[in-house]
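Each remark here refers to the structure printed beneath this line.
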């Protein structure tokens, strides 16, 4: 049979720290940077807003 391993408090705390210190900030930077890059490329191809 397969035995279920229950996570210890230490593992849960390390996982929480990884999520809050590494993963969420990295994803936030990637999303904001990607959005800015998309707008920048759009304006290169189409032109700035309000341009005739």
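Computed quantities for the displayed model
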{"read-out": "Spherically averaged projected area of the chain from its Cα convex hull (nm²)", "value": "6.6"}
{"read-out": "Cα long-axis angle, helix 24-46 against the chain (0 to 90 degrees, to the nearest 10)", "value": "20"}
{"read-out": "Gain upon complete extension [residue 22, residue 3; 0.36 nm per residue less C-alpha separation]", "value": "3.8 nm"}
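The numbers here are math on the coordinates, done by the rules we state, and not lab data. Predicted model, so just to flag it, every value in this text is computed and none were measured.
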